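To start, the structure itself, in structure tokens.
All of the numbers you see were taken from the coordinates with simple rules; none came from a lab. Worth saying up front: this structure is predicted, and the values here are computed from it rather than measured. Heads up, the Cβs are rebuilt from the backbone with ideal geometry, glycines too, and the neighbour counts pull from every protein chain shown.
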Amino acid sequence: MSTNHQAYKRRVYSACVLVVCAAVSICAWKVYSSCLERENLALEQSRSFVRAIEAHVSESLQLIDLSLIGFSNAIRLLPPGARLDPETISAILSSNGSRGRTDYWVLFLDAKGIGVAASNGLKVEGVDYSDRDYFRVHRAANAERKMYVGEPDLGRVSKKRIFFLSRRVESHDGKFLGVIAAPVEASLFANMFRNARFREDVSISLIHQGGKMIASAPLFEEYFANDVREHDANALADPQSSGTYRAYSNREKIERTVSYRMIDKLPLVVSVGVSPDGADKALLADLKVNSAAIFIVMLLTAGIGRFAISAADKVGRAREALLKVRQDIDHRVFRRTADLEEANLRLQGEVEERKEAGLRLALFEKCLSQLTDMVLITEAGPLMETGPRIIFVNDAFERQTGYVRQEMMGRTPRMLQGPRTSRAELDRVRAALERSEAVKTEVVNYRKDGSEYWVEMEIVAVKDAEGACSQFVSIQRDITERKLSEDLIWKQANIDALTGLPNRNMFIAHFGHEIKNAARNGTSLALMFLDLDSFKEVNDVYGHDVGDLLLQEAARRLKTCIRDCDFMGRIGGDEFTILLTGLSSYQGVERVAEEILGAMSRPFQLQEESIFVSASIGITLCPDDASAVSDLLKNADQAMYVAKSKGRNRFVYFDHQMQEEAQRRMRMAGDLRNALANGEFELHYQPIVNLKNGRIAKAEALIRWRHPQKGMISPATFIPLAEDTGTICGVGNWVFEEAVRTVVAWRSRYDPAFQISINASPVQFKNGGIPHARWLSLLDEMRVPGSSLVIEITERLLLDVEDSVKCQLYALRQAGMQMSLDDFGTGYSSLSYLTKLNIDYIKIDQSFVSSLTPDSDDMILCEAMIAMAHKLGLKVVAEGIETEAQCALLKGAGCDYGQGYLFSRPVDARTFEGLIVAHAAA
Ligand SMILES: Nc1nc2c(ncn2[C@@H]2O[C@H](COP(=O)(O)OP(=O)(O)OP(=O)(O)O)[C@@H](O)[C@H]2O)c(=O)[nH]1
């Protein structure tokens, strides 16, 4: 049973209880109100009744009074002197209306109260009525001329229960004639009262004010003429008014509510009593009726309630069943509606989608046709055997390939592939597509006309609703230009343009791979570092173009000496590296090195010239010597450097002493960089003597390095290092400044024309150049002319002379400085440079002087060089003069100046000054 139904039942119970309570309350209220009502009604009835009785009695008595008035007037109007005898009075009384009436009659009493006659023939004549109250009242002198009602009593003649109405009869002159009285039968009113009672308990009374009962119902006979003053005291106490009081009748054993009323202007009281018992009975009857009604109502309520509950139970069950059915129906309807709405939405969505799809398709087609990228769509057909069939290509695809669409439909993308299309890339693409994965690639494709182009393509798998791959979409872009430029950039970065060999970058990268491969395979490698010997001279003598050709030819020859699996590159000007790979032993290495030396030593036939060069090779072994690219390259370089130093045209294996030597050089290079700042350099001076007069005319400044730990280090050791490391520029500047300061001092002290020669390295002219502005400003500052200095340059500088070098030499000469060509005769000096560069002095190398004897070749060469120099206007300085004989021979040959141990070793400045002084004194 549902909670609703329980609630309903509770409501029914409550309603029943309410109905019963209401019925009981209504009945109680009804009883109570009817009780009140009845009492009020009884009271009201008694009041109305008493008024009606009063009216009736009053009216009846007024009628009788009218008779009395009539008789009275008739007697008064009798002629004066007429006798009031019984005949006359009887005549008067009989002529009027009272005759024949039974309820009252009229009698006349004379002035003495003796009966004269009666209207009904009653024998009252001579009966004394003078004791009657009414007679006494009327006879009194001050008697009022109005009707008087006498007390009830039994009639003296009639013997009836009567009371008297009477009037005083006077003569026309006011003389008392007697009393006209009308005895009225009380039963007349008693009967009327009896008939008027509406209930058994009701009592009606007419009481004389004197206290005697005139008429009553019930118990008329019993109460007549009884003094009821005690009983009806309330009514008689206030004769002017009306009212109500409670009275108890001992005789009837009943209590009544009595309403009384005084009859207007008469000494009579009418009272009507109503017993509350009567009302109680009625109330009881009402109660019974009401109780019965309540009982019936309760029964009915219970019945209805029970019926309602059982009906409600049924209704509840039916309602629940209905509710369930309804809920079920509602649920179904709801679901159905939802399904329908969903289906409707779906349908609408589908319609919209189709519309959109149509629009999209049109848009896509438009976009695809206008796209600059190529689009190719294939079915997701067999990838391995025939390849997927083409089902769509866009306009860009047609333009790019030269095929029209119809030619491509149904065929496979293989029609675009060719010999340079990477198989490996295609395999990778195919593998990805078989997994339905998107894939990107760059491949070479071929147009209809056979020309190739690079494409960058991204292929994605189009999947159907079940996730199965249905098509492949390939978006392609022509990247030929990018590839070409990438290729070019790559080549520029990796390939030596002159020889087509891998350059330093590529060689190093490949070298790294080979080291890994060798480590993996357990094989060894041999690295050769090859530098052509004196290749610079080839350039110098035959020109750069010939040098290029020679390098190309050298590369070709080298290739013939190595296997396909070996790898070689050009890593510098005339430097080649050769990597012998997959070696199980080093036995073949030497043979290859010798073969290379042989190939290089064969003459190079270039531009109808036979040119001879050789090569120096440094060899290092991996993993025996090292396993890192940089270490191996360094090793081979060091070994090559040693091969050079051992006289060139040879190969040298790397050993660890070389490494130590290299490290020593590295340390020294570091020390060299600090030496300048630490003031570790000194200038020593060697005199240059004027051979004609024997005086010290000049001094060559020679640098010395006083190392704090290693002591004095020779320039032959550190100058090449300074040149290699670039510190030579700083060192050269220091030398210049120091020489200027010295020459200033010595010029002022000893010889205003004194000159100091300083050596300038070719590297100084190349690396940043000579800071001639700084040098000249120093000369200005020191107030010394440029001519106080001689710059000694080597033939190397002249051989490699470039415009920038020429400019610098020119600038120095412009400042007044003189030029001296050092080591003259040992190199490939071009004599034309001597005049072009305004050389002032040539210094004959000491190698010509050291073994100088008369008629020797060196003597002839020296004489030739001196003669040539003089012819060109140059002065000659002979170096390395150690003996007087040498000095004499050179002097005899016309040499201008001499320098050597014969005169002095290089000495410090202070000692040199001593030499000047001594020479001057000598
Ligand atoms: N023709 C030509 N010469 C080059 C090229 N690259 C560098 N050189 C020159 O090759 C020469 C290399 O000289 P080095 O190896 O230092 O000296 P070298 O004359 O060979 O003397 P050693 O090596 O000491 O035997 C320099 O003169 C460069 O200017 C090039 O591509 N073509």
*List every residue whose amide H lies under 5 Å from the amide H of Asn394, counting only residues 5 or more places away in sequence or on a different chain, with H placed 1.01 Å from N in the peptide plane.*
Val375
*Under 5 Å, built H, 5+ apart or other chain: amide partners of Gly178*: Val169
*Counting only GluC sites (Glu not before Pro) that are in a DSSP loop and have at most 13 other C-beta atoms within 10 Å, tell me the longest site-free stretch of the chain.*
609-801
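Neighbouring Cβ atoms within 10 Å as the yardstick, rank Met819, Met600 fewest first. Intermediate values should be presented prior to the final figure.
Details: Met819 20, Met600 24.
Ordered from fewest to most neighbouring Cβ atoms within 10 Å, Met819, Met600 come out as Met819, Met600.
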_Neighbour-limited loop hits for chymotrypsin sites (Phe, Trp or Tyr not before Pro), segment 163-222 (at most 16 other Cβ within 10 Å; DSSP other than H, G, I, E, B)_ = Phe198
*Of Ala864, Val258, Leu550, whose Cα points farthest to the positive end of the dipole of the chain (charges on the beta-carbon: +1 Lys, Arg; -1 Asp, Glu; origin at the Cα centre)?*
Val258
_Let's see if you can work this out: charge +1 on each Lys and Arg Cβ, -1 on each Asp and Glu Cβ, no other charges. What is the dipole magnitude of segment 440-485 about its Cα centre, in debye to the nearest 20?_
80 debye
*Within segment 434-522, trypsin sites (Lys or Arg not before Pro) in DSSP loop having at most 15 other beta-carbon neighbours inside 10 Å*: Arg435, Arg447, Lys448
*Please order Trp734, Trp705, Trp490 by the number of other Cβ within 10 Å, starting at the fewest.*
Trp490, Trp734, Trp705
*Rounded, prolate or oblate: pick one for segment 490-597, where a ≥ b ≥ c are the square roots of the eigenvalues of its C-alpha gyration tensor, a/c under 1.5 means rounded, and failing that, prolate if a/b is larger than b/c, else oblate.*
oblate
*Are there any helices in the chain, counted as whole DSSP H runs, that stretch 27 Å or more along their axis by Cα and score at least 0.0 on average by Kyte-Doolittle, and if so which?*
3-76, 728-749
*List the lysines whose alpha-carbon lies under 24 Å from that of Lys123, not counting same-chain residues fewer than 8 positions away?*
Lys112, Lys159, Lys160
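Rounded, prolate or oblate for segment 848-911? Axes are the square roots of the Cα gyration tensor eigenvalues, ordered a ≥ b ≥ c, and the cut-off for rounded is a/c under 1.5. Each step should come with its number before you reach the end.
Numbers: a/c = 2.76, a/b = 1.47, b/c = 1.88.
Judged from the Cα gyration tensor, segment 848-911 comes out oblate (a/c at least 1.5, b/c at or above a/b).
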*Of the trypsin sites (Lys or Arg not before Pro) in segment 559-629, which ones lie in a loop per DSSP and count no more than 12 other C-beta atoms within 10 Å?*
Arg563
*Among Val538, Ala182, Trp734, which residue has its Cα positioned farthest towards the positive end of the charge dipole of the chain, with +1 placed on the Cβ of Lys and Arg, -1 on the Cβ of Asp and Glu, and the dipole taken about the Cα centre?*
Ala182
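Checking the a/c ratio against 1.5 first, then a/b against b/c, what shape does the Cα gyration tensor give for segment 680-921?
Details: a/c = 1.39, a/b = 1.16, b/c = 1.19.
It is rounded, given that a/c, with a ≥ b ≥ c, falls under 1.5.
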*Dipole of segment 411-485 (Lys/Arg Cβ +1, Asp/Glu Cβ -1, origin at the Cα centre): which of Val429, Gln471, Tyr453 lies farthest to the positive side?*
Tyr453
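Hey, what did the chain get for relative contact order, percent, Cα under 8 Å, at least 6 apart?
Numbers: 1465 pairs, mean separation 50.7, N = 922.
That works out to 5 percent.
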*Taking amide H positions as placed in the peptide plane 1.01 Å from N, state which residues far from Ile571 in sequence (5 or more) or on other chains have amide H under 5 Å from it.*
Phe576, Thr577
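Could you work out [θ]222 nm for the chain from helices alone, using -39500 (n - 2.57) per DSSP H run of at least four and dividing by all its residues? Round to the nearest 500 deg cm²/dmol. Working shown, then result.
On the way: 28 runs with 454 residues, N = 922.
The helix-only estimate for the chain comes to -16500 deg cm²/dmol at 222 nm.
So for the chain, what percent of the C-alpha to C-alpha distances run longer than 47 Å? Can you show the working numbers first?
Values: 289306 of 424581 pairs.
Considering the chain, 68 percent of its Cα-Cα pairs are separated by more than 47 Å.
So, with +1 on the Cβ of K and R and -1 on the Cβ of D and E, and no other charges, what is the size of the charge dipole of the chain about its Cα centre, to the nearest 20 debye?
Values: 112 positive and 122 negative charges, 1516 e Å.
Approximately 7280 debye in magnitude.
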